[in-house]
1. Does the range 101-117 hold any residues that are in contact (Cβ under 8 Å) with a residue 24 or more places away in the chain and not in a helix (DSSP H, G or I), and which are they?
2. If you go through the range 132-162 one residue at a time, how many are in contact with a helix residue (DSSP H, G or I) (Cβ under 7 Å, 6 or more places away or on another chain), free of Cβ contacts under 8 Å to residues at least 40 places away in the same chain and in a helix (DSSP H, G or I)?
3. Please state which one of 80, 60 is modelled with pLDDT of 95 or more and not assigned by TED's automatic domain parsing to the domain that holds residue 177.
4. Listed residues 179, 204, 276; which is surrounded by 19 or more Cβ atoms within 10 Å (Cβ to Cβ) and at pLDDT 95 or above?
5. Restricting to the range 22-47, give me the number of residues that are in contact with a helix residue (DSSP H, G or I) (Cβ under 9 Å, 6 or more places away or on another chain), under 25 Å from residue 69 (Cβ atoms) and either surrounded by fewer than 16 Cβ atoms within 10 Å (Cβ to Cβ) or assigned by TED's automatic domain parsing to the domain that holds residue 152 (or both).
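The values are calculated or read from the model by the stated rules, or taken from the named source; none is laboratory data. In this text, all values refer to a predicted model and were calculated from it rather than measured experimentally. Glycine gets a Cβ as well: all are built from the backbone with ideal geometry, and neighbour counts include every protein chain shown.
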């Protein structure tokens, strides 16, 4: 999920862009710019004729993605890897003294140390998803799900559905929903379903007391200071208890890890709320990019 200009900037320096099993491209929000950098070619491989027909640039091949990938791997010469052009290396660093409240990066770093084997994560923390992926990368099939575009409220009830599926399949894989305190409000009644079915779902709620992503969109659309985007009054622990879930509150790295271990040992769903520092990020591309 990215806007047209920022995505094109991310791809700068590449000669060939290969898109497999995805549309070209799904944009959100709208920022005018080139679809691909000047001089770059694009090849799409997809099973979906609609995605092929709607691709804005390049050539599309209708094919089974796995078969295509297996064939392409045979064409890659050993030792041909090289640094990705135009990309800035982002080190995984943490402050020597923890922030209070913790930043999203510090929260996700703490969680990464207690990540259980085979865990399935549902991610809907739109203002902090890059930080989450940096510390919780997808390392096995069927382990990471998120919304396709900008619609909020999808992933909390989806976590309930995935947990039901895991029970039916007998996999016993833990399901973890990482969802912002604002996003949770769109479908908070899913907590009742999780409790009713005694599902093993851990809801991690980073609480910044605001709709941060909407504030960032407001800046992008040159309409700052939109009212009613601050949510300091939300008591998610009380709401979760009302829906029948176990609840925990954590504010330090040690608290977070202990709460997670407790949730893993608890029958049924647990909601863990974690206050985080407000960090509004800019969605507006640098002036030099225009």
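1. Filtering the range 101-117 down to residues in contact (Cβ under 8 Å) with a residue 24 or more places away in the chain leaves 101-114, 116.
Answer for the range 101-117, where residues must be in contact (Cβ under 8 Å) with a residue 24 or more places away in the chain and not in a helix (DSSP H, G or I): 101, 102, 103, 113, 114, 116.
2. 1
3. Within the list 80, 60, the selection yields 60.
4. Details: 179 fails: at pLDDT 95 or above; 276 fails: at pLDDT 95 or above.
The match here is 204.
5. Within the range 22-47, residues that are in contact with a helix residue (DSSP H, G or I) (Cβ under 9 Å, 6 or more places away or on another chain), under 25 Å from residue 69 (Cβ atoms) and either surrounded by fewer than 16 Cβ atoms within 10 Å (Cβ to Cβ) or assigned by TED's automatic domain parsing to the domain that holds residue 152 (or both) number 2.
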